[in-house]
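Notes follow the structure.
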Amino acid sequence: MNIFFRVDASTTIGTGHIMRCLTLANFLKENGAKVTFICADIKGNMIEHLKSKGFEVFTVADELEVDAQCTISILKNMKVDLIIIDHYQIDIIWERTVRKAFPSLKMMVIDDLANREHDCDILLDQNYQDNYQFRYDQLVPKACEQLLGPRYLLLRPEFYKEEVKRKSDRISSILIFYGGSDPTGETLKLVNALNQLALSEMKIHVVVGLSNPQKDIIKETCIEKGYKYHEQIDYLADLMAECDLAFGAGGVTMWERCYLGLPSIVTIVAENQRESTIAAAEYGAIWNLGWHEGVKQTDLVDIIKRAIKCPSKLKELSLRSSILMQKRQREHINPVVKAIMEGTK
């Protein structure tokens, strides 16, 4: 089976789309598929990262008006069974343009906005929020297979073997990770807030991606203060399992923290994170600080003090997040991969 992904990363888009597609791509590759990526060559792209993971990458110009035609030009001399689209700017017009050029092509969309129509055979939205089972009923064809909710979370294999190794009620280690690019600067904001507290006996792990524009100053501050600095790592699950509390954004890594039962304090840094973050907080799975512009250093200092004083609150977050994620052992075949394999026969 020949599968193409149309997905982008940039300093403004972030890296989340690429990372979840990379997880799925590896699962598909394990099951015998040949996987290729199509990405725009824009600042902060992860093209070299994808190549380093063994995937071929074709590039298109950063012009959405001609994106579909560029994609068609790439695919026209290829054997393609399925194209997977993870891109908020791509909609039914793009999809129908590509379908017209390749009538037998199967199409899958990864989305979490439910704000536009799609012409696709499979739709994946792995988020939890109000009415998540029905959000796409009027937006996709009736024959489209909808893969909705946390059951379809695209977890990397290492998450299935990890458990949070919390030894006591005391917070001894904190994890900070606001995504690969952190375009709103939450990491530096939190690091500066930590500097106002006496946390000398606590381990602070600060994780950034290659696309983070503030990574150099963050690294300098971490070295100066004795925090553990990590850049573009492949052992995030290990760090999550070691720590007692995490700070981060909404999105995929929020669900990863929930899956491991790691109590987390979340800042909403993008509009597409708003509904799911609010729903997770209402369920009791996370502590929601709200929209990033309203989160000040003083708020972060206050919430850290409250977390240290309220171990029972962290226990409750851990329990509720594990229940919400319906924690499962790794299945013989990932349910998303199973749907793809069966849906493209």
For the subset of the range 100-122 comprising residues that are outside any strand (DSSP E or B), in contact with a strand residue (DSSP E or B) (Cβ under 8 Å, 6 or more places away or on another chain) and charged (D, E, K, R), which member is modelled with the lowest pLDDT? Asp112
Give the number of residues within the range 76-99 that are outside any strand (DSSP E or B), open to solvent by less than 30 Å² (accessible area, probe 1.4 Å) and not β-branched (Val, Ile, Thr). 3
Report the residue count in the range 177-230 for those that are of a type in the set (D, E, K, R), buried (at least 22 other Cβ atoms within 10 Å of the Cβ) and part of a loop (DSSP other than H, G, I, E, B). 1
Hey, Tyr132 hits all of (1) surrounded by 15 or more Cβ atoms within 10 Å (Cβ to Cβ); (2) more than 19 Å from the chain's Cα centre (by Cα); (3) in a loop (DSSP other than H, G, I, E, B) but one; which does it fall short on? (2)
Only one of these conditions is not met by Ile233: (1) of a type in the set (Val, Ile, Thr); (2) at pLDDT below 95; (3) buried (at least 19 other Cβ atoms within 10 Å of the Cβ). Which number is it? (3)
Select from the range 186-236 the residues that are of a type in the set (Ser, Thr, Tyr) and more than 24 Å from Gly250 (Cβ to Cβ) and write down the one among them that is nearest to the chain's Cα centre (by Cα). Thr221
Residues in the range 138-150: is at least one in a helix (DSSP H, G or I) and within 20 Å of the chain's Cα centre (by Cα)? yes
In the range 31-69, what residues are without any contact (Cβ under 8 Å) to a residue 24 or more places away in the chain and either over 22 Å from Ile233 (Cα atoms) or open to solvent by less than 40 Å² (accessible area, probe 1.4 Å) (or both)? Asp41, Ile47, Val57, Phe58, Thr59, Val60, Ala61, Asp62, Glu63, Glu65, Val66
Taking strands (runs of 3 or more DSSP E) that do not extend beyond the range 242-301, which have at least 2 residues that are out of contact with any helix residue (DSSP H, G or I) (no Cβ under 7 Å at 6 or more places or on another chain)? 287-291
Restricting to the range 249-267, and then to whatever is open to solvent by less than 10 Å² (accessible area, probe 1.4 Å) and either on the phi > 0 side of the Ramachandran plot or basic (Lys, Arg) (or both), can you tell me which residue is modelled with the lowest pLDDT? Gly261
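The values are calculated or read from the model by the stated rules, or taken from the named source; none is laboratory data. From a predicted model like this one, the values you see are computed outputs, not experimental measurements. Neighbour counts are summed over all protein chains in view; Cβ atoms, including those assigned to glycine, are modelled from backbone coordinates with ideal geometry. Just the protein is used for accessible areas: all its heavy atoms, side chains included, with ligands, DNA and RNA removed. Shrake-Rupley method; radii C 1.70, N 1.55, O 1.52, S 1.80 Å.
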